Amino acid sequence: MASTFVPPAELVDNIFAVNTEMNYSEENPIPVNPANPDGLIYKVQVGAFRKPIPQDLFKGFAPISAEVY
């Protein structure tokens, strides 16, 4: 689950995983502005940054994405 993560077209299973591994890195970056699946989507903002952050800052969170405004 990282930059290769593609959200399903329809959410029917629990797609969230609990782990202690580092999911994102410079080689496997956090996806930016990914397409959303159809249906009801809940998002939680866990930060707002002016400058790029280290890719491993949110260790244990997966899947996550970034949005640029």
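Under a point spin-label approximation (7 Å from Cα along Cα-to-Cβ), what is the Val46-Asn33 distance to one decimal in nm?
2.3
What nm value, rounded to one decimal, do you get for the distance between Ala66 and Ala9 when each label is placed 7 Å out toward the C-beta?
Each label point lies 7 Å from its Cα, and together they span 3.0 nm.
Give, as a single signed number, the net charge of other residues whose beta carbon lies under 11 Å from the beta carbon of Gln55, with Lys and Arg counted +1 and Asp and Glu -1.
Values: positive: Lys59; negative: Glu26, Glu27, Asp56.
Net local charge, Gln55 excluded: -2.
Taking the Cβ of each residue in Lys59, Lys51 as the centre, tally the other Cβ atoms inside 10 Å and list the residues starting with the fewest. Display every interim value, and only then the final one.
Values: Lys59 14, Lys51 4.
Ordered from fewest to most neighbouring Cβ atoms within 10 Å, Lys59, Lys51 come out as Lys51, Lys59.
Rule-based calculations on the coordinates, nothing more; no lab input. Keep in mind it's a predicted model, so treat the numbers as computed, not measured. Positions of Cβ are generated from backbone atoms using ideal geometry, with glycine treated the same way; all protein chains shown enter the neighbour counts.
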